[in-house]
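Engineer: Sharing a structure here in structure tokens format.
The values are calculated or read from the model by the stated rules, or taken from the named source; none is laboratory data. These numbers were taken from a predicted model, which means no experiment stands behind them. No Cβ is skipped: glycine too gets one built from the backbone with ideal geometry, and neighbour counts run over all protein chains shown. Surface areas here come from the heavy atoms of the whole protein model, side chains and all, with no ligands, DNA or RNA. Shrake-Rupley method; radii C 1.70, N 1.55, O 1.52, S 1.80 Å.
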Amino acid sequence: MKSSIQYNSNKIAMSKSFLYIFSIIAIVLLTLTSCEEVVHVDLDTAAPRLVINGSIQWQKGTAGNEQKIKLTTTTGFYDPNIPTVSGAVVFVTNSDNVAFNFTEEVPNSGIYLCHNFIPEIDETYVMTVSLNGETYTATETLKSVAPITHIEQNNEGGFSGDEIEIKTYYNDPALVNNYYLYKYKASSLSIPYFGVDEDEFFQGNEFFAYFSHEDVKSGDNLDITIYGVSKRYYEYMNKLILIAEGGGGPFSTPPATVRGNIINQTNQNNYALGYFNVSETDFRNYLIQ
């Protein structure tokens, strides 16, 4: 199965999980042994680490007051369940030291909700998570995003000339360095695809994100989201996408853990994974013709 999201002539696609490359290894090993024998690869098991999915998203045209932060932990490769984290104190403060509290309203869900968040472009926010006597913090600035202007479809794309290609256009602001995250989720595909871009070569001009997939067909619904992100988050996501893409092949040396912007203020050795990000977003639902 092939797919692509292209930006600045780069083809990048991200799986639902950062463990995608390891799934490839397991599949190849199974194929090389037997169709009947189940092979269980012995993998080192590390102590669980806190994973913070602190993605604050302000969709254009909305109040942006409803936000959530999700807490989980890492787990074994063969464990299908992702452990959630309860009992944490979670809040976000702005530059005026106004605190927005996030509460786990559904027990054992690991999802902490806020109903009165106030998003402001170029405002700096600090996330704080207190858990088991340790305090984690992260700082990020809310970045604006250029609105989607129009969408174009080409039914004669791809290497074979018979794939559906989608171009999503926007006008990049001039005189400002901008960084973008793109997300495509087709109704016929089980996972979304991500890409990142910077405006170094198209600053102040019209540009587009490009998506194609051989399994996308007429009648599918395609959710398209563009995020305005910081340079650091752009670099973080770019590394994750390259890892998920499997750069270097399935038998290359596994890459090092990608660290986000979350700092354990109590014990730096017990670092958390994940990222705290605040973005303005623009969204379109497109019906494939």
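Engineer: Among the strands (runs of 3 or more DSSP E) confined wholly to the range 47-117, which include 2 or more residues that are open to solvent by 60 Å² or more (accessible area, probe 1.4 Å)?
Structural biologist: Counting at least 2 such residues, we get 50-59, 67-73.
Engineer: Which numbered condition trips up residue 176, out of (1) over 14 Å from residue 227 (Cβ atoms); (2) open to solvent by less than 20 Å² (accessible area, probe 1.4 Å)?
Structural biologist: Of everything listed in (1) over 14 Å from residue 227 (Cβ atoms); (2) open to solvent by less than 20 Å² (accessible area, probe 1.4 Å), residue 176 misses just condition (2).
Engineer: Consider the range 152-170. How many of its residues are more than 23 Å from the chain's Cα centre (by Cα) and either touching a residue at least 40 places away in the same chain (Cβ under 8 Å) or assigned to a strand (DSSP E or B) (or both)?
Structural biologist: Count: 9.
Engineer: I've got another one for you. Taking the conditions exactly as written (within 21 Å of residue 180 (Cβ to Cβ), in a strand (DSSP E or B) and touching a residue at least 24 places away in the same chain (Cβ under 8 Å)), does residue 149 satisfy them or not?
Structural biologist: So residue 149 fits the description; yes.
Engineer: Can you work out which of the residues in the range 118-128 that are in contact (Cβ under 8 Å) with a residue 24 or more places away in the chain and out of contact with any Gly (no Cβ under 8 Å at 6 or more places or on another chain) is surrounded by the most Cβ atoms within 10 Å (Cβ to Cβ)?
Structural biologist: Out of the qualifying residues, it is 125.
Engineer: Which ones in the range 185-210 are over 20 Å from residue 285 (Cα atoms), open to solvent by 10 Å² or more (accessible area, probe 1.4 Å) and not in a loop (DSSP other than H, G, I, E, B)?
Structural biologist: The answer is 198, 206.
Engineer: Another question, then. Every residue in the range 211-222 that is more than 17 Å from residue 160 (Cα to Cα) and either open to solvent by 60 Å² or more (accessible area, probe 1.4 Å) or assigned to a strand (DSSP E or B) (or both), please.
Structural biologist: 218, 221, 222
Engineer: Restricting the search to the range 138-168, which residues are open to solvent by 30 Å² or more (accessible area, probe 1.4 Å) and under 30 Å from residue 232 (Cβ atoms)?
Structural biologist: Across the range 138-168, the qualifying residues are 139, 141, 143, 144, 147, 149, 151, 167.
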